[in-house]
1. So what is the relative contact order for segment 205-333, in percent, with contacts set as C-alpha pairs under 8 Å and at least six apart?
2. Pick out the long, greasy-scoring helices in the chain: whole DSSP H runs spanning 27 Å or more along their own axis by Cα, mean Kyte-Doolittle at least 0.0.
3. State whether the chain is rounded, prolate or oblate according to the following rule on the C-alpha gyration tensor (a ≥ b ≥ c being the square roots of its eigenvalues): a/c under 1.5 gives rounded; otherwise a/b larger than b/c gives prolate, and the remaining case gives oblate.
4. Pairs 196/328; 180/355; 196/355; 111/179; 135/328; 196/323: which exceed 32 Å Cα-Cα?
5. Sort 362-368, 279-285 by the packing proxy (mean of other Cβ within 10 Å over each peptide's residues), most packed first.
6. In whole percent, how big is the carbon plus sulfur part of the accessible area of segment 143-284, probe 1.4 Å, protein atoms only?
7. Out of all DSSP beta bridges with both ends in the chain, state the antiparallel percent to the nearest 5.
8. Pulled fully out, how much extra length does the chain show between residue 172 and residue 312, if you take 0.36 nm times their separation in residues and subtract their Cα-Cα distance?
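The values are calculated or read from the model by the stated rules, or taken from the named source; none is laboratory data. These numbers come from a predicted model, not from an experiment. Because the Cβ atoms are built from the backbone with ideal geometry, glycine has one as well, and the counts that use them run over all protein chains shown. Quick note on the areas: whole protein, heavy atoms, side chains included, nothing else; ligands and nucleic acids left out. Shrake-Rupley method; radii C 1.70, N 1.55, O 1.52, S 1.80 Å.
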Amino acid sequence: MTKSSADPYQDLRDAVRSLCAQFPDSYHREVDAARAYPEAFVDALTQAGWLAALIPQEYGGSGLGLAEATVVMEEINRSGGNAGACHGQMYNMGTLLRHGSDAQKQLYLPKIASGEWRLQSMGVTEPTSGTDTTKIRTTAVRRGDRWVVNGQKVWISRVQHSDWMILLARTTPLADVKKKTDGMSIFMVDLRAAEKSGMTVRPIANMVNHETNELFFENLEIPAENLIGEEGRGFRYILDGLNAERTLIAAECIGDGRWFIDRVTKYASERVVFGRPIGQNQGVQFPIAEAHIEVEAADLMRFRACALFDAHEPCGAEANMAKYLAAKASWEAANACIQFHGGFGFAHEYDVERKFRETRLYQVAPISTNLILSYVAEHVLGLPRSF
Ligand SMILES: Cc1cc2nc3c(=O)[nH]c(=O)nc-3n(C[C@H](O)[C@H](O)[C@H](O)COP(=O)(O)OP(=O)(O)OC[C@H]3O[C@@H](n4cnc5c(N)ncnc54)[C@H](O)[C@@H]3O)c2cc1C
C-alpha cells in the first residue's frame, strides 16, 4: 500500500524506487532462471551509494541511520528484486566499525563504501554445530605473525561475489574456557588469496537463486593483523551485529509482503470468474486483508527497533520480534498471492513463485523462527533456559 505524504522516508523511497525501476521483473526473472548473480543491479545500487548507507561519512559512506537503511532494503524487495544478493555489504561492515582498530577502519571502510571491496560474506554456520554456535569446530591457531585455520563452514553466502569474509573460529578450545561463548575470534579473510592457499569453495545448489557455499579450510594462513578486536571475544562481536541484520531483513520481508499484497490485490480485482472479480468474494478478500494487517504490524515493530538502535538503546527484543513478525507476514502474503493467482501463480512469468521461494528462506535464515521464540521466552520473559 502507498504510504501517505506524511511518510518521512518518501523522498528516499522515491530515489530507491527510481533506480529499481531500471531493473524490471524480466531482469530478475532471467537472473533467477540462469541461476546467475544480479551483477548489474548490485553495481547500480553500489554506485548510487545505497549499500554504504550505514558507513559513517568520514569513511566515505552516507552515515544514515538504521531506519533509512531498512527503507532501502524494503524498497529493493518491494520493487521485485531480492536484497539477499547484497544485504551483507550493508551490515557486515558493522563488525569492523564497532570493533576494528583505527588502522583497520581506515584500510577497509573507504573501499567498502566505494564498492571497490565487497565484504558480503560472514562465515559462522558449520555442518555439525548448526545453530549451536559455541560448538563450532573451525579453529585458528597462532603461529608467529599468522593464524592457521582448519575446519569447515556451510551455507556461507556470496563468497564468489565478495572480496572479504568475516570468519568466526575457535582460538581457545571449548574445554579450556570458563564460558562457552568465550574463546572464539573473528578475522578478515581475503577470499581470493585464500582460495589459492588452503580454502576450498563448494557451491550449494538450493531452492532460491542464492549464491551460498560450503567452505573447507586446510592450513589456511591469515596475517595476524586480520584479527578484529580482542582475541576470544568474537562471539560477542558477532552478536553485536545481529540487531542491525535482523531489522534490515525484517524490512526486506515487509517489502516482499507489500509486493505480494499489491500483486494479489490487482489480480483479484481484475480476474473475473463466475461473472465477477474473484476479489469480490470474502473468501478471497479475507486472507489478503489479514496478510496486510500483519505486514503493517510488523512494520511498526521494525521502526520501533530502528528508533531504539539509532538512539543507541538496547533493541535485541524488538529486532528479533520485528524479524519474526515480518517473516511470518511476508509468508502469509506469499501464500495468499500464490493461492489467488490460481494456476498462474506457478508460471514463471508472473514472478509470484520466485518471490514465494525467496521469502520462505527468512523463517530459517539467518536465524530460525524457533530460535527467536526461544530468545523472547528466555531473555525477555525470563523463562528457564532450554539450552
Ligand atoms: C540460503 C542460506 C544462506 C545462508 N547464509 C549464511 C551465511 O552467509 N553465513 C552463515 O554463517 N550461515 C548462513 N546460513 C545458515 C543459517 O544461518 C542456518 O541455516 C540457520 O541458522 C539454521 O541453522 P541449521 O541450518 O544448522 O539448522 P539446525 O541448527 O540444525 O536446526 C534445524 C531446525 O531445528 C530447529 N532447532 C534447533 N535447535 C532447536 C531448539 N533448541 N529448540 C527449538 N528448535 C530448534 C531450528 O529452529 C531449525 O528449524 C544460510 C542458510 C541458508 C539456507
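1. RCO, segment 205-333: 32 percent.
2. Values: long enough: 234-270 (54 Å, -0.13); 282-310 (41 Å, 0.34); 316-340 (36 Å, 0.12).
Long hydrophobic helices here: 282-310, 316-340.
3. Values: a/c = 1.79, a/b = 1.68, b/c = 1.07.
It is prolate, given that a/c is not under 1.5 and a/b is the larger ratio.
4. Check vs 32 Å cut-off fails for 196/328; 180/355; 196/355; 111/179; 196/323.
5. 362-368, 279-285
6. Percent of accessible area from carbon and sulfur atoms in segment 143-284: 50.
7. So the antiparallel bridges in the chain amount to around 85 percent.
8. 47.3 nm
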